[in-house]
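**Student:** Have a look at this one before I ask anything.
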Amino acid sequence: MKFTFQKEFPETTICCRCNGESRIAFVAHERISENDIKGPFLYDLYPNRGDGDFWLHDCASFAIYLCRKCLEPTALYNQG
């Protein structure tokens with residue numbers, strides 16, 4: 001799936017609630033193009049202090065999946 005900063009998102013993943021198969025529903029991406037760096041971005045919301053107080057350190061892409069078994073959402077993400 002496109003709109004990712006790293007490798008493409010898989011078409012399916014394991015549901016985080018019931019371990020069923022979740023299918024990709026949509027992808028949200030913070031940047032529209034390589035030249036779109038205006039922000040603000042999610043990483044601006046909170047500091048990344050690490051050691052139990054983690055937050056994003058760069059622009060992010062999120063894939064939302066819906067489970068075939070329970071229809072609950074699961075999310076995967078990656079950063080620039």
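**Student:** Which of the numbered conditions does Ala28 fail, given that it passes all the others? Conditions: (1) of a type outside the set (Phe, Trp, Tyr); (2) touching a His at 6+ places or on another chain (Cβ under 9 Å); (3) free of Cβ contacts under 8 Å to residues at least 60 places away in the same chain.
**Tutor:** Ala28 satisfies every listed condition except (2).
**Student:** Would you confirm whether or not segment 51-63 contains a residue that is surrounded by 14 or more Cβ atoms within 10 Å (Cβ to Cβ), without any contact (Cβ under 8 Å) to a residue 40 or more places away in the chain and in contact with an Asp or Glu (Cβ under 8 Å, 6 or more places away or on another chain)?
**Tutor:** No; the residues of segment 51-63 include none that is surrounded by 14 or more Cβ atoms within 10 Å (Cβ to Cβ), without any contact (Cβ under 8 Å) to a residue 40 or more places away in the chain and in contact with an Asp or Glu (Cβ under 8 Å, 6 or more places away or on another chain).
**Student:** Within segment 10-26, is there a residue that is touching a strand residue (DSSP E or B) at 6+ places or on another chain (Cβ under 6 Å), under 12 Å from Gly80 (Cα atoms) and either outside any loop (DSSP other than H, G, I, E, B) or at pLDDT below 95 (or both)?
**Tutor:** no
The values are calculated or read from the model by the stated rules, or taken from the named source; none is laboratory data. Everything numeric here is computed off the predicted structure, so don't read it as measured data. Every residue, glycine as well, gets a Cβ built from its backbone with ideal geometry; the counts of neighbours run over all protein chains shown.
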